[in-house]
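Read the structure below first, then the notes.
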Amino acid sequence: MSTLLKLQTITAQVVCMTTSELLGSLPASEELLEKYIKSKALKELQKLEKQLARAKEPEEAFALEQKIEELQEAVGEDTPILPTAEDRLTVFARDEEDNICLLGYQITGMLKETAQNFSDAKGLKNAISRYVSVKERFITLYEDEDLTKPLKNPDRILERPLRAFTPQGFIVSIARSELVEEPAYFRFTLQVVKTPKTPFTTEDIKALLEAGGEHTGLLQWRSAGYGRFKVLDFKVL
């Protein structure tokens, strides 16, 4: 490694348990899903490329280049396999073995939202984009704490009314989402790039993850208490 770069990657294996019901958030149509995931990745790429252009330190630029390369690879990969469903139905991602999954960017997105809502540290949200990533693209959900029985099917479909104002007045539509009841378990690998510019420790990220599980949540309808989880294990490897 170049002597100009002063960085190391700290890896932690994290095991979590959901403490409330979890709702699928991806469009059921494969074509819509592909557009959705790629549009999210492209927006993130644009942000990272702007940050790279402003980077002054070699180690910061190196960390950003790594994340840009990972995202560029993800945009070109196949999209998750999904069951046939109505357009209004939102579902969970599936991996190649048709297991119900979370996606890695949903974890980092939750961390950034938690940082924005609950921390006074300036620039923390952008710093998470630069220095924190989840190794896995697909994070399997399991029905048992031993992580041996992957979930194949949702427990039920949740239907709820959505009220929106249009030029023609208020309209009400029905939103339908796959639902997984608590507890469900998942494991992922968190990577933190440490440089002289990294404004947080691994323990800070652990605390942020715990706060996010309790107060922010994952996926849809978080304002109603869905998607909450608890960190069972956080082991630095």
Exercise for review: Look at L190 and say whether it is over 18 Å from Q8 (Cα atoms), crowded, with 17+ Cβ neighbours inside 10 Å and within 15 Å of the chain's Cα centre (by Cα).
Suggested key: no
Review point. Being under 20 Å from R94 (Cα atoms), in contact (Cβ under 8 Å) with a residue 12 or more places away in the chain, touching a Gly at 6+ places or on another chain (Cβ under 6 Å) and among the polar types (S, T, N, Q), is that true of even one residue in region 202-224?
Key: no
Exercise for review: Collect the residues in region 212-234 that are among the small types (G, A, S) and farther than 24 Å from A63 by Cβ, keeping them in residue-number order.
Suggested key: G213, G217, S223, A224, G225, G227
Review point. What residue, among those in region 120-142 that are over 20 Å from the mean Cα position of the chain (by Cα) and of a type outside the set (G, A, S), is surrounded by the most Cβ atoms within 10 Å (Cβ to Cβ)?
Key: K122
Check your understanding: in contact with a helix residue (DSSP H, G or I) (Cβ under 8 Å, 6 or more places away or on another chain), modelled with pLDDT under 95 and not aliphatic (A, V, I, L, M), is that true of R130?
Key -> yes
Check your understanding: Can we say G213 is within 19 Å of the chain's Cα centre (by Cα) and either among the aliphatic types (A, V, I, L, M) or not in a helix (DSSP H, G or I) (or both)?
Key -> no
Check your understanding: Can you tell me which residues in region 133-186 are at pLDDT below 90 and of a type in the set (A, V, I, L, M)?
Key -> I157, L162, A164, I171, V172, I174, A175
Point to revise | Residues located in region 100-123, provided they are over 15 Å from L23 (Cα atoms) and either among the basic types (K, R) or in contact with a strand residue (DSSP E or B) (Cβ under 7 Å, 6 or more places away or on another chain) (or both) | key: G104, T108, L111, K112, K122
Practice item. Determine whether region 113-126 contains at least one residue that is among the hydroxyl-bearing types (S, T, Y) and within 21 Å of P154 (Cβ to Cβ). Key: no
Review point. What about F200, is it within 19 Å of T9 (Cβ to Cβ), assigned to a strand (DSSP E or B) and not acidic (D, E)?
Key: no
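The values are calculated or read from the model by the stated rules, or taken from the named source; none is laboratory data. Please read these numbers as outputs of a predicted model, since none were measured by experiment. Don't worry about glycine lacking a Cβ; one is built from the backbone with ideal geometry, like all the others, and counts go over all protein chains shown.
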